[in-house]
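Below is one structure, written out as structure tokens; the observations come after it.
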Amino acid sequence: TGWYNSTSFNDSNYHGYGFRRYPKVFDIATYKGNGSNQNIAHNLGVTPGFVIVKSKDQARNWSCWHTNLGNDKYILLNTTGSAADAGATRTVNSTNYQIFGSWNDEGVNGENYIIFLFATLAGISKVGTYEGNGSYQEIDCGFSAQARFVMIKNTEDTTGWQVWDSARGLSQSADPYWQMNGAAEVTGNKNYVYNTSSGFGVQSISGTNNPQVSVSGDTYIYLAFA
């Protein structure tokens, strides 16, 4: 019948995203850190494209890997930081995801972890990248229906993980967005990101307080669902 019930959340000021395990799209796994490198088994059925790792026991970083960054890079979901060098090359395949011991909070000895794995499946989900062009461009996700969820991160500067969704508006009108990495309220009512027939479009809008989703020459990673 639902996932949570509380009078404090029972109004239109709150919204949530629900993902279920689905082959070749999304999977969840758990493990216990031992301070050393480990290969964590998963049931995604394909090599993941985007992975999020978080300790369930301590207030530690949300460590992320994205296929378009390369296996020697990482990026943090809870900060606005750019992609960084992992200092090693991890192994990622259709059955296992390698974590690097206690490095970057991925496997601190004795702590329990949860890992979220996303992949691209035609018509449903897309893990991808694009290069900003300083103007408007359309990102082809291969969808036959419009995108309902889009999360974008510039990997080269300190902008946040910006999220748009169809519940609040993802059209060619002015729609709000929020940042996955922060506690700030939903902001903005400008036309930065909106649906196209096969994915989404991004529009560069000048101004220091605007989310820059198409800075010329910058590399962006994204996760999108139809």
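The values are calculated or read from the model by the stated rules, or taken from the named source; none is laboratory data. As the structure is a computational prediction, the values presented were derived from the model and not from experiment. Virtual Cβ from ideal backbone geometry, glycine too; neighbours counted across all protein chains shown. Keep in mind that these areas ignore ligands, DNA and RNA; they rest on the heavy atoms of the full protein, side chains included. Shrake-Rupley method; radii C 1.70, N 1.55, O 1.52, S 1.80 Å.
A few comments on the model shown:
Yes or no, residue by residue, for (1) at pLDDT below 95; (2) within 17 Å of the chain's Cα centre (by Cα); (3) over 24 Å from Gly70 (Cβ atoms):
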position: Tyr17; (1), (2), (3): yes, yes, yes
position: Arg20; (1), (2), (3): yes, yes, yes
position: Tyr31; (1), (2), (3): no, no, no
position: Ser36; (1), (2), (3): yes, no, no
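- Residue within region 99-108 that is touching a Phe, Trp or Tyr at 6+ places or on another chain (Cβ under 6 Å) and not in a helix (DSSP H, G or I) present: yes
- Candidate set from region 202-226 (those that are over 17 Å from Thr80 (Cβ atoms) and at pLDDT below 70); member that is most open to solvent (accessible area, probe 1.4 Å): Ser206
- Restricted to region 94-108, and to residues there that are open to solvent by 40 Å² or more (accessible area, probe 1.4 Å) and touching a strand residue (DSSP E or B) at 6+ places or on another chain (Cβ under 9 Å), the residue that is modelled with the lowest pLDDT is Trp103.
- Here Ser173, Ser125, Ser197, Ser216 are screened, and the one residue that is touching a strand residue (DSSP E or B) at 6+ places or on another chain (Cβ under 7 Å) and among the small types (Gly, Ala, Ser) is Ser125.
- A Cβ distance below 7 Å, combined with a sequence gap of six or more or placement on separate chains, defines the contacts here; from region 121-140, residues that are open to solvent by less than 60 Å² (accessible area, probe 1.4 Å) reach residues that are among the basic types (Lys, Arg) in the pairs Leu121/Lys24.
- Residue satisfying all of: in region 120-145; among the β-branched types (Val, Ile, Thr) and assigned to a loop (DSSP other than H, G, I, E, B); farthest from Gly70 (Cα to Cα) among these: Ile124
- With respect to being open to solvent by less than 60 Å² (accessible area, probe 1.4 Å) and either touching a strand residue (DSSP E or B) at 6+ places or on another chain (Cβ under 7 Å) or over 27 Å from Trp65 (Cβ atoms) (or both), Val163 fits the description.
- Filter pass, Thr89 being surrounded by fewer than 13 Cβ atoms within 10 Å (Cβ to Cβ), part of a strand (DSSP E or B) and β-branched (Val, Ile, Thr): no
- Checking each residue in region 141-160 for being over 19 Å from Ser216 (Cα atoms), open to solvent by 30 Å² or more (accessible area, probe 1.4 Å) and within 16 Å of the chain's Cα centre (by Cα) picks out only Arg148.
- Scanning region 29-41 turns up at least one residue that is open to solvent by less than 70 Å² (accessible area, probe 1.4 Å) and touching a His at 6+ places or on another chain (Cβ under 8 Å).
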